[in-house]
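Q: This is the structure I want to talk about, given as structure tokens.
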Amino acid sequence: MDIISDITEMQNRCLAARAAGRKIAFVPTMGFLHEGHLSLLREGRKRGELLVLSIFVNPTQFGQGEDLDSYPRDLARDERLARDCAVDLLFYPAAAAIYPPDYATFVNVDGPLTATLEGACRPGHFRGVATVVAKLFVIVQPHVALFGCKDFQQLAVVQRMTADLNLPVEIVGMPIVRETDGLAMSSRNVYLSADERRQALSLARALAHGRQLAADGVRESGAVLTALQAMIEAQPAARIDYLRICHRATLQEQERIDADSVLLLAVFFGKPRLIDNGPLLDQAKPC
Ligand code: PAF
């Protein structure tokens, strides 16, 4: 595995691979890798002849007062895990290289897809995500890029951007990976105290209960949301940012549950904020 920080070198290596007819699979991350990331890398290894991992804690997707400075980082450990997953190239650029002082170009995915959920709670977040993903695509030149379904809205935004800009990249969404007790894997889980972590299991329980209610025939979103809100708020540290039932493609709220319904939630447990999601009726599609 080669570790490359220089943008031009990275782009030249990828352009050469493409010219040689090698299929490039790409997993963009902010590092502090966990099993969720590793599942993307393993799938990428199967799909591509050159497997590229990027580790870049992207400042433009963090808002004022968010955790940019404290975001967990451990390059030595990430390097070991990347080698175990047979990554060919690890791209590890500096923030000043991605965003030099005269940097002025941003990608905005406008409209209802970004006006809701994370986009509403974290203004500017998706502008930062779309911008860095577009830049990484231009540098890495992937044929296929893999994203986790845990960031459900991010995946939808990346799909929209890729289609709108006619980028020749296949976007693959991979299922959420959970701890054995149900907690969705996230680099931010390290922020949770033992007590907050125990309380955070209410999210997976709420998702399971929502699925059960839907399986029992409940179709009124309001009834499901009221029940789940009570479950989550029974945890003293929990503060719900949003809890919604939305259409999987448009992300618009649904009054009635159908095969396209996804439950999406963001909840603070003390200071840490966790997101999670899952389909209510149709379990076949990962995202
Ligand atoms: O999901 C992430 O880790 C980030 O949002 C991404 C896609 C790497 C962009 O910085």
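Q: Restricting to DSSP loop positions (anything but H, G, I, E, B) with no more than 16 other Cβ atoms inside 10 Å of their own Cβ, which chymotrypsin sites (Phe, Trp or Tyr not before Pro) remain in segment 85-135?
A: Sites meeting the loop and neighbour criteria: TYR103, PHE106.
Q: Bin all alpha-carbon pair distances of the chain at 10 Å intervals from 0 and give each bin's fraction as a whole percent.
A: Cα pair-distance distribution for the chain, in percent: 6, 28, 35, 22, 8, 1.
Q: Go ahead and set up a Gaussian network model of the chain, Cα springs under 10 Å, then flag whichever of CYS246, CYS121, CYS85 fluctuates most.
A: Looking only at CYS246, CYS121, CYS85, the biggest GNM fluctuation is shown by CYS121.
Q: Only four residue types carry charge here, +1 at the Cβ of Lys and Arg and -1 at the Cβ of Asp and Glu. Report the dipole size of segment 189-245 about the Cα centre in Debye, rounded to the nearest 20.
A: Computed about the Cα centre, the dipole is about 120 debye.
Q: If you average over every viewing direction, what projected area does the convex hull of the Cα atoms of segment 147-287 give, in nm²?
A: One quarter of the hull surface, i.e. the mean projection, equals 8.7 nm².
Q: For the chain, what does the helix formula give at 222 nm: sum of -39500 (n - 2.57) over DSSP H segments with n ≥ 4, over the residue count, nearest 500 deg cm²/dmol?
A: -12000 deg cm²/dmol
Q: Which residues' amide hydrogens lie under 5 Å from the amide hydrogen of GLU170, considering only partners 5 or more residues apart or on another chain, with H built in the peptide plane?
A: The answer is VAL144, ALA145.
Q: Going by average Cβ neighbours within 10 Å, how do the peptides 138-147, 236-245 rank, with the highest at the top?
A: 138-147, 236-245
Q: Taking the Cα centre of segment 165-287 as the origin and placing charges on Cβ (Lys, Arg +1; Asp, Glu -1), which of ILE245, GLY278, ILE232 is farthest toward the positive end of the dipole?
A: ILE232
Q: Among ALA104, ALA134, ALA16, which one shows the biggest mean-square fluctuation in a GNM of the chain, springs joining Cα atoms closer than 10 Å?
A: ALA104
Q: How large, in percent, is the carbon and sulfur part of the accessible surface of segment 87-155 at a probe radius of 1.4 Å?
A: Percent of accessible area from carbon and sulfur atoms in segment 87-155: 56.
Q: Next up: Which lysines have a Cα lying under 23 Å from the Cα of LYS23, excluding residues fewer than 8 positions away in the same chain?
A: Candidates past the 8-residue exclusion: LYS46, LYS135.
Q: Also: To the nearest 20 Debye, how big is the dipole of segment 121-176 about its Cα centre, given +1 on the beta carbon of each Lys and Arg and -1 on that of each Asp and Glu?
A: Roughly 200 debye, rounded to the nearest 20.
Q: Considering only ALA95, VAL52, SER70, whose Cα is most displaced toward the positive end of the charge dipole of segment 42-96, charges sitting on Cβ of Lys, Arg (+1) and Asp, Glu (-1)?
A: Most positive-ward Cα: VAL52.
Q: What is segment 1-151's relative contact order, in percent, from Cα pairs under 8 angstrom and six or more apart in sequence?
A: Reported relative contact order: 38 percent.
Q: Next question, about the same structure. Let me know the charge dipole size of segment 136-287 about its Cα centre in debye, to the nearest 20, where only the beta-carbon of Lys, Arg (+1) and Asp, Glu (-1) is charged.
A: 280 debye
Q: Name the residue farthest towards the positive end of the dipole of segment 136-222 from the options GLN212, ILE176, SER187, assuming +1 on Cβ of Lys and Arg, -1 on Cβ of Asp and Glu, about the Cα centre.
A: Of GLN212, ILE176, SER187, it is GLN212.
Q: How many Å² of accessible area per residue for the chain, probe 1.4 Å?
A: For the chain, the solvent-accessible area averages 45 Å² per residue.
Q: Can you send over the carbon and sulfur percentage of the accessible area for segment 5-47, probe radius 1.4 Å, protein chains only?
A: 49 percent
The values are calculated or read from the model by the stated rules, or taken from the named source; none is laboratory data. Note that the coordinates shown come from a computational prediction; the quantities given were computed from them, not determined experimentally. Note that we place each Cβ from the backbone using ideal geometry, even for glycine, and neighbour counts take in every protein chain shown. Surface areas here come from the heavy atoms of the whole protein model, side chains and all, with no ligands, DNA or RNA. Shrake-Rupley method; radii C 1.70, N 1.55, O 1.52, S 1.80 Å.
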